[in-house]
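Colleague: My structure is below; once you've seen it, I'll send some questions.
Where a number appears in this text, it was derived from the coordinates with a stated rule and is not lab data. Fair warning: this is a prediction, and the values are worked out from it, not measured in the lab. In this analysis, Cβ positions are derived from the backbone assuming ideal geometry, glycine residues included, and neighbour counts consider all displayed protein chains.
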Number of protein chains: 2
Amino acid sequence: MPVSITTARRAREFAAREELIIREARKFLLERGFQGWNMDDLAHAVEYSKGTLYQHFESKEDLALAVCTGSLQQRADLFERASNFNGGSRERIRAICCACCEFATAHPEYFHADMMLKSASFWDKASSERQEDHRFQAGRCWRTIQQIIIEAQAMGDLPRDRFKPEEATFALVSVTVGSHIMAMEGDMRVMAGITDPLIAVRRNGDLMCDGLGWKPLSFEADYTETDRRIVREVFPGATWLKSA
Amino acid sequence: MPVSITTARRAREFAAREELIIREARKFLLERGFQGWNMDDLAHAVEYSKGTLYQHFESKEDLALAVCTGSLQQRADLFERASNFNGGSRERIRAICCACCEFATAHPEYFHADMMLKSASFWDKASSERQEDHRFQAGRCWRTIQQIIIEAQAMGDLPRDRFKPEEATFALVSVTVGSHIMAMEGDMRVMAGITDPLIAVRRNGDLMCDGLGWKPLSFEADYTETDRRIVREVFPGATWLKSA
DNA sequence: GCCATTTTTGACCGTTGGTCAAATTTGTTT
DNA sequence: AAACAAATTTGACCAACGGTCAAAAATGGC
């Protein structure tokens, strides 16, 4: 069969099926963890044969990476939306912290899976295309924060002489990721006496911003109203903003 | 054979062999990741049969958890040593950050493995005794930081009215863990333009302490000399303190 | 040297990630 | 509509590996 008008339709169907597989695999990964399901189960669930799965993904790890990258893309999307919040630089970075809450709600186990994939034996089994995709989405998250920081420094909300923008970005990324991981850990919540893990995530972001000297400092201002605005304008339907 | 004088010796030999297995498994885990080796390889490496391995560990995951808990115990040991550093509260918390550097040097891949183990399908395959061990060591790390914070608040180095001690502990734990993870990630280092990841780990700890309002603030003091003292008195032979 | 008990062993089993030749479907030509 | 060729799908099959357990070996008391 030579190139024909059906080619485009075929490509569309192929892409749709790939979506379906990823969607179903995400459910499995979430509910049962990487070891808790096998490719035969998944083939049955999506109603295709195992061989067909392997036309899309070169290994189980490759598929898991695709699932993770999908989540990471959503994270980047949330970050970019948050970044467009109409407010001061400190309010915009607060919106990023809210995006982290939104993400943690939708993908509580994301970092567990991500860390697993990045350990040597997993990462190497994924295709280089999907590795590249993952790097790209990680880059989007990074740049969104970096941009806000550069603008904050330009506006004078954030000191310029104490650190380079990359250092501040690195600090914020570290604390947001670390907080997500810690907040989702049952034992940690018990020790920390945390009732609402997502409040703690935003709190940690605040503290780091304070440490960077990002004006106005959190204990000099009240962000309750800002939070309500962020939810209303950027994340309507969010469930993580407790108390009216 | 009734209870005899050989019992104690047997127990000692058993424990020694368990150490050997864990030591060898740690090498494998570090070099090849969880999927990169099998129980037959390991049996060969320790010069015992596979059946003998399963007298010590009820599954491969159980063994991996034992390896991780061993690392975590070392982390707790480092924390406790750091906590005894002879200095002000802020210097002692700096010593904890140095302990994190020491730990990151000795166990660069620790959190990758730890996250993997905590995902459902892995954790459930480990014995409850080893799960308990892991929780215990995590608790030691937590309490060490918590204690310094309580003392800092008592001494007036750290505000009492802005947060509860657990909140501060949670913030510091989050940032140290997050920084370790981020600092060990190749792509992240490239984006952040980080030449020495461990300097960034300490820097992030500093920024969080500043955010908590922990006196004396990092940009009001120079901790270069403190670092040198910490290395000399607590971590002799440390390789992560660059520049004289 | 013999026996009872404990300990060690590795052949064996079931599961599962991954492959590929055969079967099926699709689309074009006559 | 029949025949044909290209593309796609399939699931039986294979090898690798985690885990088991009956048999073998080692131990220690008599």
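Colleague: What is the order of B:PHE28, B:PHE219, A:PHE122, fewest Cβ neighbours within 10 Å to most?
Modeller: Sorted ascending by nearby Cβ count, the order is B:PHE219, B:PHE28, A:PHE122.
Colleague: Is it possible to state the helix-based mean residue ellipticity at 222 nm for chain A, with each DSSP H run of 4+ residues giving -39500 (n - 2.57), the sum divided by total residues, to the nearest 500 deg cm²/dmol? What is it?
Modeller: Working: 12 runs with 177 residues, N = 244.
Taken over chain A, the calculation gives -23500 deg cm²/dmol.
Colleague: Could you check the simple spin-label distance between A:GLU220 and B:ARG23, using points 7 Å along Cα→Cβ, in nm with one decimal?
Modeller: 5.6
Colleague: Ignoring trypsin sites (Lys or Arg not before Pro) that are buried or in helix or strand per DSSP, and keeping those with at most 12 other beta carbon atoms within 10 Å, what is the longest stretch of chain B between them?
Modeller: B:1-159
Colleague: Once each part is reduced to its C-alpha centroid, what is the distance from the stretch A:207-240 to the stretch B:61-95 in angstrom?
Modeller: The two parts, judged by their Cα centres, are 34 Å apart.
Colleague: Additional query: Set the Förster distance to 60 Å, then compute FRET efficiency between B:ARG10 and A:GLN147 from the Cβ-Cβ distance, nearest 0.05.
Modeller: 0.40
Colleague: For chain A, which DSSP H helices look membrane-span-like by this rule: Cα extent along the axis of 24 Å or more and mean Kyte-Doolittle of at least -0.5?
Modeller: A:60-83, A:89-106, A:165-183
Colleague: Taking the Cβ of B:PRO236 as the center, what net charge do the other residues with Cβ under 12 Å away carry, scoring Lys and Arg +1 and Asp and Glu -1?
Modeller: It works out to a net charge of +2.
Colleague: Let me ask something else. With respect to the axis carrying A onto B, what is the closest chain A residue by Cβ position, and how many angstrom separate it from the axis?
Modeller: Closest Cβ to the A-to-B rotation axis, residue and whole-Å distance: A:GLY178, 1.
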